[in-house]
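S.K.: One structure is given below, represented as structure tokens, and several questions about it will come after.
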Amino acid sequence: MDVTPFTSTSPTPQPVSAPKVSSDYETFLKMLTTQMQNQDPLNPIDSADYAVQLATFSGVEQAVRTNQLLEAMQSQFDLLGMAQLAGWVGQEARSAAPVFLDDAPVTLSFKPAASADRAVLVVRDAAGTVVSREDVPLGEGQYIWLGADIRGDPLQRATYALSLESYFQGEMLSTGPVESYAQILEARGGVGGTKLLLRGGIEVSANDVTALRVP
């Protein structure tokens, strides 16, 4: 019985492609050599010109590699930032953005003027019309807003702008912002910085958030 001998064969090594920068440099040298071979013998190119070309090419290649490195680092920083912001989603952010009102009360935070003897919460609808004026406690702290109009009836489900008027002996001292808590639905990056999408479709910059809390 014939037995076919077993022959062990090693895989043929695959050529390793040269890096792009190295490949471009070799192409440049070939072009430079061709330029030297085809120059006018009666008017040869000055050797200083070759040195300038080499220096220019080297500088351009170095700038390209530096830009590539910076882009890679920026991508890593962006990923790190988004990974951190991912933990914000689902939490409640406090900001001076408009308030989306539905059936749930809204937690507000404001600061009346130091000498005020009265503070009034002013509520405006999307058209800028005042739909409610409500006396609120003096001093800093949180206030639970139920969302009632001037007659005391519940406001419609919508987005409202809030402000705080401070009074002393019937005269208005100042008008200040009112912050509220709203759940974060999405965090996204962009040219203008990180934006947070709040409940009700309200968008706010991450830089404008003054506090976070777990709902």
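Values in this text are rule-based calculations from the coordinates and carry no lab data. As the structure is a computational prediction, the values presented were derived from the model and not from experiment. Cβ atoms come from the backbone with ideal geometry, glycine included; neighbour counts cover every protein chain shown.
S.K.: What are the ³J(HN,Hα) couplings of the range 142-148, residue after residue, when phi is run through the Karplus curve with 6.51, -1.76, 1.60 and θ = phi - 60°? Round to Hz, x for glycine and proline.
M.R.: Couplings: 9, 10, 8, 9, 8, x, 10 Hz.
S.K.: Counting other C-beta atoms within 10 Å, and keeping those with at most 12, which DSSP coil trypsin sites (Lys or Arg not before Pro) do you find in the range 86-181?
M.R.: Within the range 86-181, the qualifying trypsin sites (Lys or Arg not before Pro) (loop, at most 12 other Cβ atoms within 10 Å) are ARG151, ARG157.
S.K.: Then there's this: I want the local charge near VAL136. Using Cβ-Cβ distances under 14 Å, sum +1 for each Lys or Arg and -1 for each Asp or Glu among the other residues.
M.R.: Working: positive: LYS111, ARG118, ARG133; negative: ASP117, GLU134, ASP135, GLU140, GLU165, GLU179.
It works out to a net charge of -3.
S.K.: Related question: Rounded, prolate or oblate: which one fits the range 140-195, using the alpha carbon gyration tensor with axes a ≥ b ≥ c (rounded when a/c is under 1.5, else prolate when a/b beats b/c, else oblate)?
M.R.: oblate
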